[in-house]
Every structure is written in C-alpha cells, then in structure tokens.
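These notes concern the structure reproduced below.
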Amino acid sequence: MTNRLYLDDSYLHTVRATVLSCEHGEDGYAVELDRTVFYPASGGQPQDTGTLGGASVTGVWEHGERVLHRVSSPLKPGETVVCSIDWARRFDHMQQHTGEHILSFAAKELYGAVNVGFHMADAYCTVDLDRPLTWEQIVAVEAKANAFVFENHPVSLRYVDADELPALALRKQADGLEGTVRIVYMPGGDSCTCCGTHVAHTGEVGLIAVTAVEPYKGGARLTFACGSRALAWLQRMRSVLNDVAGACSCRAEDVPTAVSALRRELSSVKRESKALQARLSLAVARELEGEATPVNGRRLIVRLVDLPPSQLRPLASALCAAGDTLTLLLAQSGEGVQYVLFSSEGLGLDMGELAQPVNLALGARGGGRGTLAQGSAAHVSGLTQSIAQLAAYLEQRLKALR
C-alpha cells in the first residue's frame, strides 16, 4: 500500500520517499514508493507531473492499493529519492476542482440540476448537468458560485465509515464505496465524497467563469475556468473585444450596437447583390440562348460563364426550361473550375453518364443522374481547349439521338 500524502495535504509538494519497486515497461519505468505526493489520474482530475530523484514523471496511476509512477530512467529499490511535483500544475488543478464543487452546488441549490459528469483537461474543464438551463439561469449559477468564493469559506476534509453515508446530507457520493470514505465539505456550501486535491479556502479559487454552454444528453454541458485560467480567458476575450471595437471604430461597450448596424447593412447589401445577380443571370441567359448551337432540332449550349459557381444550376435550369436543350455551363473557382450538366426533360440522355467524359477532360470529380450532374476540379490547364472538345463531343451525342 502506498501512503497517499496528497489526501491529507494538497499543499505538500516535495517529500523524500523510499523506492519499493521499479519495473521496466514500454514507455519507461513503473516505480512504486512507500509514500507519494503525486496525484494519480482519477475522478475527472489529471495526474500530477514532476520529478523522482531527478527522473521526469510522465504518468501516475493506481494499481489496486498501489500508486505507480512512470519515470524516464530507472530507480534502485531501497534507495531514498526526493519526490517533487509541478506545483503550478497542482495548484491549477486544486483551483479547478474546488471551483467545480462550488459551481455544481450552486446549480443544484438554485435549479435542482445534478452534476452527472466532470472532466478536467489542460486547457478546459466541463461539468455535465442532468437538465438544461437557460443562459439567464447559468448567469445566476455563476453569480451564486462566485459569491461563495468571495466569502472565503474553509474547505475541510472528513473521514467517515461508508455505513454512515446514508445519514449525511451530501450533494453527491460515488457508488460502491466501502470502508473509510473521504468527504470534502464547505460549511454552508458543498459536501460530497471526493478523492481530489482542493484549496484550503474558497477565496483561493479566485474566480469562476462559465465560458460556454451546450446541450448534452438531454441536459447541459458547462465549460468553465477558475483562478488563473479564468483570468487568462478574460484577457483573451478582452483582446478579442478590443480588436472588434477597433475594426468597428467604436468603444468596447458600443460593440453590440455597432455589430447590429453592420448586420443590417450586410442584409441590405445581400438583397441588392441578389437582385443584381438575378439581372445579370437573365442577361447572360439571353446571350447564351442567342449563341445556342442547333443540332437536329435541339439546342446545345456549352459555355464558360463569368458568374459565381452558385449561379450555374439555376441558370442551366432556366435555359433548359424551353425544352430540347442540353447545357454544359462552367465557372472558374479560384484556380479550378466547377461545372453543371443539365438537360430538358425527355431529351433521352443521362447526365450521370455524360459526366464521366466531362470529368476526364477537366480532371474533375463529380456525378449525377437523370437531367442533372455537377462536379469540380481543383486545378485545370488548357481549359479553353477542353471546353471546345467537350462541345464537339456533346454535339455528336445529340446528333446520335433519334
């Protein structure tokens, strides 16, 4: 059994310990100590990192009653080594984990929302609640949690027998607990079974900021940051806000008004652009109709048009509406090209079949069936020659029709 010193003192970051065993593995050496300050990954909280006798610790995990440490170089059983954790990382985890307790307590107290999942990563933390909450409710939960932080309540530990748990008022407890159970509690606030590391007073959490909310399994997933992470997030958001304010030539507090004005202006520009595009498409359609190649009483239109690719399909459809028309329209897209093959109903040609030689000539990918096929090529060389060859090929296909 490894004596887990972090359970009683989260602030203990350097101790001397005796090496009990050292086994070689694929990723280094698994070392067991008689006691440790290294927290193993569990309960949604990541492992500690640091050094053992100068060897880097890259993994910490539980193996029954033992705590094993993955190190980069071997240690000799029986020797005494200095265990030193990365304190900045540990304190960050203490802030996040304590903040999670407080945030979860506030959600349950205000709206009966139960924490059903917790995950702490290096860049973010999440809490999963069993019911959805509106943004206004999230703001209220955040405010209640921070008020409790600012009151600087003590965060204490209790050890009880598992048989006593039913009589205790706990927000949450793990399933299947036996023997002595560790409880983290805050007078007037949260109380639950937990094996993680926590700060001694809520004030050390600093600040709890809910940074995002999304639906999750019928409930809500809250992404949040505490302490130094919350400060870093607020500084990033301030930088973003200042950049937007600069782009809008306004003060930061006037950004919502400026953005609303820009959205109205953009909507107006889109409407005008759509109207102009419709007029341009009509003019192009009339031009193409006048240049159509007659083939045995049918029309063939093959053309590279100076229009956005999104206009190809409606333009081709309009050209074929008169009947007995086969159309291949192309539009340049960056260094490549997009195409649409369209035919009138009853013409007797399958556009999915015709798309294959078009793809071959253009080096494109695409397909379709019936009266429509479409595709694109990222890079095209010799486009004018390819279009001429395709026009000749399609003319022959039309001539072959009865």
### Test: residue in region 140-154 that is in the same structural domain as GLY206 (by TED's automatic domain parsing), touching a strand residue (DSSP E or B) at 6+ places or on another chain (Cβ under 8 Å) and in a strand (DSSP E or B)
yes
### Message
It is to be established whether one or more residues within region 81-92 are in contact with a Pro (Cβ under 9 Å, 6 or more places away or on another chain) and within 25 Å of VAL184 (Cα to Cα).
### Response
yes
### Task
For residues that are touching a helix residue (DSSP H, G or I) at 6+ places or on another chain (Cβ under 6 Å), hydrophobic (A, V, I, L, M, F, W, C) and at pLDDT below 90, scanning just region 143-189, find the one that is surrounded by the fewest Cβ atoms within 10 Å (Cβ to Cβ).
LEU177
### Query
Out of curiosity, is ARG286 in contact (Cβ under 8 Å) with a residue 40 or more places away in the chain, farther than 19 Å from ILE387 by Cα and over 45 Å from the mean Cα position of the chain (by Cα)?
no
### Query
Across region 348-360, what is the number of residues that are crowded, with 18+ Cβ neighbours inside 10 Å and either in contact with a Ser or Thr (Cβ under 8 Å, 6 or more places away or on another chain) or under 17 Å from ARG402 (Cβ atoms) (or both)?
2
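Does at least one position in region 259-280 carry a residue that is touching a Lys or Arg at 6+ places or on another chain (Cβ under 7 Å), small (Gly, Ala, Ser) and not assigned by TED's automatic domain parsing to the domain that holds LEU328?
Kept after step one, since they are touching a Lys or Arg at 6+ places or on another chain (Cβ under 7 Å), are these residues of region 259-280: none.
No, that holds for no residue.
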### Looking only at region 75-111, and only at residues there that are under 24 Å from the mean Cα position of the chain (by Cα) and farther than 14 Å from VAL127 by Cβ, the one that is surrounded by the fewest Cβ atoms within 10 Å (Cβ to Cβ)
ARG89
#### Entry: Unique match (being in a strand (DSSP E or B) and either of a type in the set (S, T, N, Q) or closer than 25 Å to GLN173 by Cα (or both)) among THR126, THR98
THR126
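Filter region 22-57 for residues that are surrounded by 14 or more Cβ atoms within 10 Å (Cβ to Cβ) and of a type in the set (Gly, Ala, Ser) and give the result.
Passing the criteria: GLY28, ALA30, ALA41, GLY43, GLY44, GLY50, GLY53, ALA55.
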### Message
Is it the case, given these coordinates, that LYS76 is basic (Lys, Arg) and more than 30 Å from LYS172 (Cα to Cα)?
### Response
yes
### Query
Can you name every residue in region 1-14 that is under 26 Å from THR193 (Cβ atoms) and part of a strand (DSSP E or B)?
ASN3, ARG4
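The values are calculated or read from the model by the stated rules, or taken from the named source; none is laboratory data. If you're wondering where the values come from, they're calculated on a predicted model, not measured in any experiment. Note that we place each Cβ from the backbone using ideal geometry, even for glycine, and neighbour counts take in every protein chain shown.
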